[in-house]
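Heads up, the thing below is written out as structure tokens.
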Amino acid sequence: MTAQTVTAAPSSPSASRPPGPWRRAGRRLARDRASMAALAVLLAVTAACLLAPFYARDVAHTDPFTSNVAGSVTIDGRSVDIMQPNDNPLHLGLSPIGPTWHASADLLGADSQGRDLAARLLYGGRTSLLISFCAAALCIVLAAMVGIVAGYVGGVVDAVLSRIMDIMWAVPVYLFAISLSIVTVSQGLKLGPVTIASDNLLIPICIIALVYVPYAARPVRGRVMTLRRAEFVTAARALGVPDYRIVLRDILPNVTGTLVVLAPLMMALAMMAESALSFLSIGVQAPGASWGTIIEDGEGLIYTRPMVAIAPGLAIVVVVLALNVLGDGMRDALDVRDSGRERA
Amino acid sequence: MALTVLRRLGQTLFVLVGISVLVFLVFFATPGADPTARIAGRNASPETMARVRVEYGFDRPLPVQYARMMEKLFVTRDLTSYVNRGQKVVPEILEAAPVTLSLVSGAAAIWVVLSVAMGVTAAALRGGWVDRGLMMLGLVGISIPVFWLGQVVNLVTQSRYHDSWLFSWVPGLGYVPLTEDPLGWFRALVLPWLTLAVLFVGIYSRVLRADLVAVQSEDFMRTARAKGLSPARVLLVHGLRTSMITFVSLFGLDFAQLVGGGALLTEVVFGLQGVGRLTYQALSNLDLPLIMATVMYSAVFVVIANAVVDMLYLILDPRVRDGR
Amino acid sequence: MRGRRFSRPLLFAGLLAALAAMPRHAARAQDSAPAGSARPVGDGQTLGSPHRGGTLRLTASSSGGTLDPQINYTSEYAQLFTVLYDGLLNFRKADDRTSDDVVPDLAEAVPQPEDGGRTWRFTLRQGVRFSTGQVVTVADVAASIRRLFRVGSPTAGSFYGAIVGADACLRDPAHCTLAGGLEVDPATRAVVFHLSQPDAEFPQKLAFPHASILPADMPDHDLGNVPAPTTGPYRFVSYDPDRGAVLERNPFFHVWSADAQPDGYVDYIHYDFGLPDEAAVTAVENGQYDWMFDMKPLDRLGELGARHTRQVHLRALYGIYYVPMNVNIPPFNNRLARQAVNRALDRRAMTILYGGAAVAGPLCTMVPPGIPGALDDCAYTTGADPDHPAPSWQGADLEGARRLVAASGTAGQKVTVVVQNTAVEMSMGVWLRNMLQAIGYDASVKPLSHAVQLGYIQNTSNHVQISLTDWFADYPSASNFLDDLFGCENFHPGTDNSINIAGYCNKDAQAAMDAAKQETDPARAAQLWAQAGRIIARDSPAAPVIRINYIDLVSSRMGNYFYTDLYHLIFSQVWVR
């Protein structure tokens, strides 16, 4: 939480008709070279990951979800075992094949189960991007609801919501996510008649969205509280406009800026959280792949085949950096002064 | 003021009780968590199982079990693990706390010094390439997963270049108590410190720069400049002091979260047996007494830090008082 | 990460990882260390030896739970207790396969069974003292056996439940007397056990650490972190489960049997807890410790084999991985479906996933080779069937498996494999899932925390169809694999403690096993076990996967590496000077 200081009341909705602040912000963003580069990187990575099935089927001819420890690949006409016994007097341990730099076979090498790393990287990217996007969206929707209700209704409702947030706040965010994951990962989730299997991606999505709600809801609540005392809201209430209309017509449009700026930052946070959970083997479940699970697979090979852990890590750094740059650019373009904390 | 303090205290207690009840209920709702068979040993007879159930009180109603666990944790302090029979959990945490405290304090010192330097430099050279470069560097720091960075650091210092002059001093993973060997302590922790600090250097330098830039347009800054004080002096003395309010409160919360177990990923990759790692182990073993103890420990830290920061705010910054 | 990085708590459950050894020459052939000179213990004396003295430094990532030798069921402390405590009988301390044999310890001789195995008559040795100076008496023996029931030892029912009066003790531990089942006579130092039914393996059970003899005044509850007085060559100086244990010589010890309890070489043993496995490997390599307890991380094996060859010792274990299939729910209530899994299982791939041929090997029958009664052929591999077994495992027969699945009519059913979420077991579970998919099922894999999985797969109310787990023998007998895992009496529906995970109960197999347990002629017993083994193999309630080896890493200064099948490195027999 940071000092939430609102210096100027935002312009009333009547003033925000086209060519309103949104279009102006869009133009400003388009002129920001860093943001545009970030956007291009994100689009390129997304496109590459969407092509994962094509790469696996038609280029590498491999199923990245099937262990292949007893198999072999053909490189330059020679057949090579994917798992190679270590060259030591005791024949202790085995290592998977390293990068071959041949797109047709284990371009970046194989992991400890003999699966093509490059293909898994692309499939893993699909999962990581999907989870972080959905989790960020869900989190922002939840945060908007909590923030608006707490900020607008105030009183007992605010007190109760704030205490619940306090409880969530009191546990370090990763520990909170880990606890929830450990409980759900073994059993799946049963909510009345609905059962979500433990390997369903909805589980990490919901958990990540949930733990970050307090972080996103605080700035929203603060903003709503100031808005509620703003002249145009007081005037509307004096005129007897029903609350839901005030919220929809006056409050919501004025917090949208805050929410939109939060989006890329939340997605960056969600991606970091997803990779951490998967790294601890309580996020995406085998045989599925995400960048976090691949890092985890690579941990046991870090000294012999470091590529398995380094490649997905670099992918995360690139995407999260792009998201952060984009978020920065959007904040400047929309001129939202405070939009919660960047934290991990 | 006294009333506020009391209210805050009440809220804190409420939060702690809420967390402990939640942990307790979730544990008993988790299928497969019944610790009886695990305590009794493999292939134990039904009679042995029944005996264990009575000995550990699993046959009592849940509220009684909860009350007994809280009593053992806070009053008699002899709560024992469900996994390592007879192992007391309170000493286990007291053992792990110095490790985490060493890790977090060192990292905090590094990130405060570096981020103030970076933030002030960037704000002073606002708009230039140094500013952009530093801020981009901060953003990169924010974007690196700490566990991955730790792995790469290990790869370089423990394996690939361990035999070179540059990293031959790096000891094996693990913790060395400060009281036993101060130099060993420092050598064992310096890489984890740096790894953990990277993220926070990024965050704090960016927050500080933003605050410094914002504060420059405030009246008292203009007055100071108008009085003819040098720009550097204005920035450092007046600007920095004002911006420090945000900085300090952020620091309080982050520090508390890390000491309370938030540094677990760093502890995991560097093999440091700290509070975060202990919590994670307890969770993955479904060892309720240890989970309860570590979660309460961590919650106490974070809640108290929250309360302290809020109080500081109330005292320091009159603008916030109306907002709440 | 997972189990590997974190201290893998070696608790309760299956991890009495002891029990090692395969055929003697095979085990020796794998040992990298030069053949030592002092294989037999000799007279068991170390006084006057140039190697006597010094401090042995051991490390483990965590402590092993209670110090009560009658309760603790971990291999970590069984290894320690074997140089601290003694039972009436013990397993021989010898660095070869004779370490599987039972030898007299506090008793003067291993008795011959009377009444066809219902009565066992011992005479207590004279002049043995506890580390407090007290003399060991028959009253201590009687109290210790009763204490097994009074403190609720995990094996009280399964090992010692045949003693007359044991049922009453199990029902009402506080008033346990074992009247009629245990008689002692202080004048002749006689200790006589009466069993309600013959038990040919009673000597092995009395040699197990739970039957250690403690002073009669030990309290009737778990000792926790308070050590009991010892009879062996060492005793506790201090113990802290968070830091470690310090042992010194027991001043009241003298050698009464070189086979059972020889004197120790080192003066002190320091056992430190808390160093994670990765760091421990480095510390032993660098000589900061002499030995580490934890599993050696897979990613360090290459480095160990290449750079520390002389410090690594490889020995086989009586330990296996196997795939139990629930015979009571679809699809594995169909024998053809179970046989299909057995046939399709690629044991070579599983060996690779466990770390390669140096640390594991394909396993065809549920009793690992080297144990009397183990089958030495392979029914489920290419070109073989239960009626025409092949001499060894040849390769997975996917085609045959698919035909069996089709014939069983279970193709297309949903199957979930339940595995532990440790790195190795996860990868094996994923492989199993792919295999099931390949032979015609709709398969998925469900990983559970390693603390929970073993209890979960045992409980019938969780409806587990197929799982992967490991199993280690408590003592080298086929009963530990066949009767424990497939005996009707070990199936308890609806509880977490039903080690007959398959829920298998076959009249003929049970009759053969019951006869084998009571048969005091070893050759005849082995035949009966083989007979039961064949019935079980045909019914295929579980698919054996691999047998595993023990990898030991010691410091370069350690001499006289001394390994027994049951307790691994014997701390009293190694040198540090």
Restricting attention to segment C:454-479, report how many residues are part of a loop (DSSP other than H, G, I, E, B) and not charged (D, E, K, R). 9
When B:S217 is run through (1) outside any helix (DSSP H, G or I); (2) touching a strand residue (DSSP E or B) at 6+ places or on another chain (Cβ under 9 Å), the failure sits at (2)
Have a look at C:V327, C:V341 and point out the one that is touching a strand residue (DSSP E or B) at 6+ places or on another chain (Cβ under 8 Å), within 19 Å of C:I535 (Cβ to Cβ) and more than 12 Å from chain A (Cβ to nearest Cβ). C:V341
Can you go through A:L108, A:L43, A:L39 and tell me which one is at pLDDT 80 or above, outside any helix (DSSP H, G or I) and either away from chain C (no Cβ under 14 Å) or in contact with a strand residue (DSSP E or B) (Cβ under 6 Å, 6 or more places away or on another chain) (or both)? A:L108
Just wondering, is there one or more residues in segment B:134-141 that are without any contact (Cβ under 8 Å) to a residue 24 or more places away in the chain, open to solvent by 20 Å² or more (accessible area, probe 1.4 Å) and in a helix (DSSP H, G or I)? yes
Of those in segment C:144-159 that are open to solvent by less than 20 Å² (accessible area, probe 1.4 Å) and away from chain B (no Cβ under 14 Å), the residue farthest from C:E201 (Cα to Cα) is C:S144
For segment B:59-84, which positions are buried (at least 17 other Cβ atoms within 10 Å of the Cβ) and part of a loop (DSSP other than H, G, I, E, B)? B:L79, B:S81, B:Y82, B:V83, B:N84
Of all residues in segment C:423-461, which are free of Cβ contacts under 8 Å to residues at least 12 places away in the same chain and touching a Phe, Trp or Tyr at 6+ places or on another chain (Cβ under 9 Å)? C:N434
Every residue from segment B:142-160 that is facing chain A (nearest Cβ under 10 Å), assigned to a helix (DSSP H, G or I) and open to solvent by less than 30 Å² (accessible area, probe 1.4 Å): B:I142, B:S143, B:F147, B:W148, B:Q151, B:N154, B:L155
Of the residues that make up segment B:195-213, is at least one farther than 26 Å from B:G106 by Cα and either assigned to a helix (DSSP H, G or I) or outside the structural domain of B:I304 (by TED's automatic domain parsing) (or both)? yes
Scan segment C:112-135 and give yes if some residue there is without any contact (Cβ under 8 Å) to a residue 40 or more places away in the chain, assigned to a loop (DSSP other than H, G, I, E, B) and open to solvent by 20 Å² or more (accessible area, probe 1.4 Å), otherwise no. yes
In segment A:177-218, which residue that is among the hydroxyl-bearing types (S, T, Y) and under 13 Å from A:A270 (Cα atoms) is surrounded by the most Cβ atoms within 10 Å (Cβ to Cβ)? A:Y212
Do you know which residues across segment A:47-73 are more than 27 Å from the chain's Cα centre (by Cα) and either of a type in the set (G, A, S) or part of a helix (DSSP H, G or I) (or both)? A:R57, A:D58, A:V59, A:A60, A:S67, A:A70, A:G71, A:S72
It is to be established whether one or more residues within segment C:358-373 are of a type outside the set (G, A, S) and either over 24 Å from the mean Cα position of the chain (by Cα) or farther than 18 Å from C:Y321 by Cβ (or both). yes
If A:D199 passes every condition in (1) in contact with a Phe, Trp or Tyr (Cβ under 9 Å, 6 or more places away or on another chain); (2) under 25 Å from A:F133 (Cα atoms) but one, which one does it miss? (1)
Please find, within segment C:276-294, the residue that is most open to solvent (accessible area, probe 1.4 Å) out of those that are more than 7 Å from chain B (Cβ to nearest Cβ) and either within 11 Å of C:A60 (Cα to Cα) or of a type in the set (K, R) (or both). C:Y289
Go over the candidates A:G327, A:G313 one by one and state the one that is small (G, A, S), outside any loop (DSSP other than H, G, I, E, B), open to solvent by less than 10 Å² (accessible area, probe 1.4 Å) and facing another protein chain (nearest Cβ under 8 Å). A:G313
Among the candidates B:V104, B:V113, which residue alone is more than 14 Å from chain C (Cβ to nearest Cβ), within 30 Å of B:F251 (Cα to Cα), surrounded by fewer than 19 Cβ atoms within 10 Å (Cβ to Cβ) and not aromatic (F, W, Y)? B:V113
Does B:L9 meet the test of being open to solvent by 80 Å² or more (accessible area, probe 1.4 Å) and not β-branched (V, I, T)? yes
What residue, among those in segment A:285-298 that are more than 30 Å from A:S35 (Cα to Cα) and either under 15 Å from the mean Cα position of the chain (by Cα) or open to solvent by 10 Å² or more (accessible area, probe 1.4 Å) (or both), is modelled with the lowest pLDDT? A:A286
Selected residue (criterion: farthest from B:A108 (Cα to Cα)) from residues of segment B:252-280 that are more than 10 Å from chain A (Cβ to nearest Cβ) and surrounded by fewer than 24 Cβ atoms within 10 Å (Cβ to Cβ): B:G252
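The values are calculated or read from the model by the stated rules, or taken from the named source; none is laboratory data. All values derive from a computational prediction rather than experimental measurement. FYI the Cβ positions are ideal-geometry reconstructions off the backbone, even for glycines, and counts take in every protein chain you see. Ligands, DNA and RNA are excluded from the accessible area calculation, which covers all protein heavy atoms including side chains. Shrake-Rupley method; radii C 1.70, N 1.55, O 1.52, S 1.80 Å.
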